[in-house]
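Okay, structure first, notes after.
The values are calculated or read from the model by the stated rules, or taken from the named source; none is laboratory data. Predicted model only: the values in this text are computed from it and were never measured. Cβ: placed from backbone, ideal geometry, glycine included. Neighbour counts: every protein chain shown.
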Amino acid sequence: MGKIRLSTRHMAAALISIVVTAAAGAFVNGSSAPARIPYRYTMNAGDTIYEVASRIATPQDNINELTWQILRDNGIEDPGAVQPGTEITIYVDPANPNLQQEGGEKNE
């Protein structure tokens, strides 16, 4: 087989094409996720992180993933040790209709 030789101009065009394609993909992927706002909730007696997540979740949300995200965002290692009065932050879509019913506080 013979070697394929590309001129500097062809290599530059190929590189520009790759960069433009990657940038367009990043733009499209980055703009598809809705902006999230912090929503603060004070835990009550009997609340669990999973239960709070299930009340806040929209039909598009995966409750298990939301629960793990709440634990990570709040640095909670033992969900069973969360006491009443503990304030947690949940990052939510500002259009989430479940926030009106919950009694937490939106911080836009």
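Odds and ends about this structure:
- Tally, over region 52-62, of residues that are surrounded by 14 or more Cβ atoms within 10 Å (Cβ to Cβ) and not small (Gly, Ala, Ser): 4
- Considering region 16-108, the qualifying helices (runs of 4 or more DSSP H), each wholly inside and each with 2 or more residues that are at pLDDT 95 or above, run over 49-56, 63-73.
- Cβ-Cβ contacts under 9 Å between residues 6 or more apart (or on different chains), taken from a first residue in region 43-71 that is closer than 15 Å to Pro97 by Cα to a second residue that is among the polar types (S, T, N, Q) and surrounded by fewer than 18 Cβ atoms within 10 Å (Cβ to Cβ), are listed as Ala53/Asn64; Ala53/Gln69; Arg55/Asn98; Arg55/Gln101; Ile56/Asn98; Ala57/Asn98; Thr58/Asn98.
- When residues of region 39-51 are limited to those that are surrounded by 12 or more Cβ atoms within 10 Å (Cβ to Cβ) and not polar (S, T, N, Q), the one nearest to Val92 (Cα to Cα): Tyr39
- Count - residues of region 72-91 that are in contact (Cβ under 8 Å) with a residue 40 or more places away in the chain and surrounded by fewer than 11 Cβ atoms within 10 Å (Cβ to Cβ): 3
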